[in-house]
1. If you check Gly96 against the conditions, is it closer than 13 Å to Ile53 by Cβ and at pLDDT 95 or above?
2. Look through Gly62, Gly49 and report the one residue that is over 16 Å from the mean Cα position of the chain (by Cα) and at pLDDT 90 or above.
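The values are calculated or read from the model by the stated rules, or taken from the named source; none is laboratory data. These numbers were taken from a predicted model, which means no experiment stands behind them. As a convention, Cβ positions derive from the backbone with ideal geometry for all residues, glycine included, and neighbour counts pool all protein chains shown.
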Amino acid sequence: MRITALITALAVAFPATAAAAVPVRSGALLAQAGSSAQKVTLEARQLQGAEAIAVTGTAAPGATVTVTLTALVSADLPTILVSRHDVAADVNGRFGAVIPIASAYERGITLNVIATSGSGAAPAQVQLTTGAPNAGATVPFDSGH
């Protein structure tokens with residue numbers, strides 16, 4: 001059994017305590033899973049200027065969605081469980097949260113974001129590679145003049 005499948009099974013079996021849901025702007029759809037009647041969709045992106053990721057998606061209206069974050073630091077080490085957060089889908093089935101990631105992570109670590117719902121829908125999963133929180137920012141050179 002792959003470690004991701006095991007982590008997903010654990011996330012479903014042992015839901016975390018509720019986390020505050022924060023609305024975030026949608027990005028590009030990165031992954032979706034489930035049947036057309038029972039579908040969980042998931043989008044995730046690293047936030048500019050923050051050591052956090054924005055997670056949005058859809059599930060059954062009013063469903064509790066458990067978002068599990070795991071990290072793959074190295075092929076020589078096991079996958080690390082970073083955090084789990086329960087968020088509620090609204091009456092339209094939309095959910096969102098901002099999930100902090102440790103600032104001590106080295107750049108280039110693969111983060112797996114898994115969304116599961118007790119409504120019987122198949123889980124959705126995306127992978128992100130961590131980058132600098134202010135990627136693309138430049139600092140002007142001061143020549144001392």
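1. Yes; evaluated as a whole, the condition is true for this residue.
2. Working: Gly49 fails: at pLDDT 90 or above.
Just one listed residue meets the conditions, Gly62.
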